[in-house]
Amino acid sequence: EIYKDKIEKDEVNIPCIRLRYADEDSAGFHIDILPVVETESSIIYIPRKEEWEESDPRSYTKWVINKGERYRRTLMMLKRWRDLHSVPIKSIVLQVLIANSLSHSLEDSINVQETLASLNSYLSDKLVVPEVINPVLQTEDLASRWDLNDFLKFKELVEDATKLATSAITEDRHDEAASLWQTIFGKSF
């Protein structure tokens with residue numbers, strides 16, 4: 001009852017209830033609540049339009065946790081970038097792409113720049129939405145519903161962020177480097 005005013009009533013064609021629980025910097029954080037069919041394994045079935053699809057959120061959560069602190073820090077920063085710039089990509093797709101592009105640097109700024117550069121390099125020759133296979137459920141292409149125009153916009157924004165991060169890393173003046181990072185991550189960064 002206390003969340004009644006936070007439930008999205010105008011969203012159609014989603015098999016869930018969307019609960020908005022924070023609106024930091026207009027990012028619109030939410031959680032989707034949907035029915036599932038459980039099995040005896042970690043696999044569950046979730047509704048997708050006219051059918052039920054396999055999912056394995058427990059194994060996926062373990063996978064994310066096992067990626068380590070460097071991955072989580074990079075993911076947190078790049079999700080902020082995504083939210084602030086309305087980058088058209090679902091969290092789970094971004095998570096896997098970041099994991100596949102993750103730098104080995106222990107320094108956050110270099111890690112973000114190298115991860116963006118690696119992701120940009122991977123995307124540069126893609127003219128259609130690439131497959132993004134779920135690391136714990138090999139039959140699931142996480143990007144199967146990614147709109148081509150949204151993908152192309154994502155590519156463009158990754159390229160722009162890569163250029164900014166590269167400039168920030170190579171900038172000798174601290175205030176100018178900070179300004180470049182703020183362009184990526186917002187004024188509160």
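Details
- Heavy-atom accessible area per residue - the chain, 1.4 Å, Å²: 63
- The fraction of accessible area contributed by carbon and sulfur in the range 25-94 is 53 percent, rounded to a whole number (1.4 Å probe; ligands and nucleic acids excluded).
- With every protein chain in place, the range 104-148: carbon and sulfur % of accessible area (1.4 Å): 54
- Shape call, the range 25-83: gyration tensor on alpha carbons, a/c limit 1.5: oblate
- Cα gyration tensor, the chain - rounded (a/c under 1.5), prolate or oblate: prolate
- Judged by the ratio a/c of the largest to the smallest principal axis of the C-alpha gyration tensor, the range 66-135 counts as rounded, that ratio being less than 1.5.
- Segment ALA178-ILE110, length gained on full extension (0.36 nm per residue, minus Cα span): 23.1 nm
- Cα-projected label distance for LYS153 with ILE133, points at 7 Å along beta-carbon direction, nm: 3.0
- Across the chain, C-alpha contacts under 8 Å between residues 6 or more apart give a mean separation that, scaled by the residue count, equals a relative contact order of 14 percent.
The values are calculated or read from the model by the stated rules, or taken from the named source; none is laboratory data. Note that the coordinates shown come from a computational prediction; the quantities given were computed from them, not determined experimentally. Please note: Cβ atoms are built from the backbone with ideal geometry, for glycine as well, and neighbour counts cover all protein chains shown. Each accessible area value is taken on the protein alone, full model and side chains, heavy atoms only, with ligands, DNA and RNA left out. Shrake-Rupley method; radii C 1.70, N 1.55, O 1.52, S 1.80 Å.
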